[in-house]
Amino acid sequence: MEKKSSTKGQSAGSGFLFFIAGFVIASVFGWVIFPKILYSVNQQPIKFSHALEDHAELECENCHFFRDDGTYSGIPKLETCTECHEEVQGENPEEKKFVEQYVQKNKEVPWLRYQWQPDNVYFSHAAHLKVEKPLPCTTCHRDVKKEKIPPPVRINRLTGYHYSTMKMYVCEDCHAHKGANNACNVCHK
């Protein structure tokens, strides 16, 4: 009879080990492997440096501005860039690539977006910047003034949403903290 009880103890111990091994494998897959499979990693067409001296001295609004109708320009068009970069200035190979492949051919740069809101979300930059106490850009966006090379753009292969897309709970928390309206129809149309 003692052999049976020791067999029970061994099976209970090995069951616990299988549980731990399964838990570790599932955790590694869920937290490490699956996100690498789920998100495609894409590089910007030009390694644009916001950190270069001539760019870091500019304010965000110099390139990312409001149009006359109040809409936000977002990623600058080629004409905005060519105001300063009609010709190669210096030895930077990325600027040379930009001038030769885009400026000289009058072709827009196919920049990739880091944030893309779902179709059912309405977001107004004007509502957040043209107020008594405007929010700094870095409240919602990375501080790009230190970036010499743009980070990769990670896009969810299933949904098409970008990894950096603002999550609803972040907006709700900020609205609650600032005393702004948090009703669904403020952001969802």
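Computed values, structure above
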{"item": "Linear extension gain, TYR72 paired with LEU158, 0.36 nm per residue minus alpha-carbon span", "result": "28.1 nm"}
{"item": "Sum of side-chain charges, TYR39 neighbourhood, beta-carbon under 12 Å (Lys, Arg +1; Asp, Glu -1)", "result": "+3"}
{"item": "Charge tally in the Cβ shell below 15 Å around PHE123, where Lys, Arg are +1 and Asp, Glu are -1, PHE123 excluded", "result": "+2"}
{"item": "Cut-off under 5 Å, modelled amide H: who pairs with THR165 long-range", "result": "TRP116"}
{"item": "Lysines with Cα under 16 Å of LYS133, excluding same-chain neighbours fewer than 8 positions away", "result": "LYS178"}
{"item": "Extension gain, HIS177 back to VAL28 (0.36 nm per residue minus Cα-Cα distance, nm)", "result": "50.1 nm"}
{"item": "Among TYR102, TYR169, TYR72, residue whose mean-square fluctuation peaks in a GNM of the chain (springs only between Cα atoms under 10 Å)", "result": "TYR169"}
{"item": "Which listed pairs, of LYS36/LYS97; LYS146/LYS167; LYS96/LYS146; LYS47/LYS107; LYS36/LYS146; LYS47/LYS77, have C-alpha distances above 20 Å, in listed order", "result": "LYS36/LYS97; LYS146/LYS167; LYS96/LYS146; LYS36/LYS146"}
{"item": "q = 0.12, 0.17, 0.20 Å⁻¹, the chain: log10 I(q)/I(0) [Debye, one scatterer per Cα]", "result": "-0.79, -1.28, -1.48"}
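Where a number appears in this text, it was derived from the coordinates with a stated rule and is not lab data. Just so it is clear, the structure is predicted and the values come from calculations on it, not from any experiment. For neighbour counting, all protein chains shown are included, and Cβ atoms are generated from backbone atoms with ideal geometry for every residue, glycine included.
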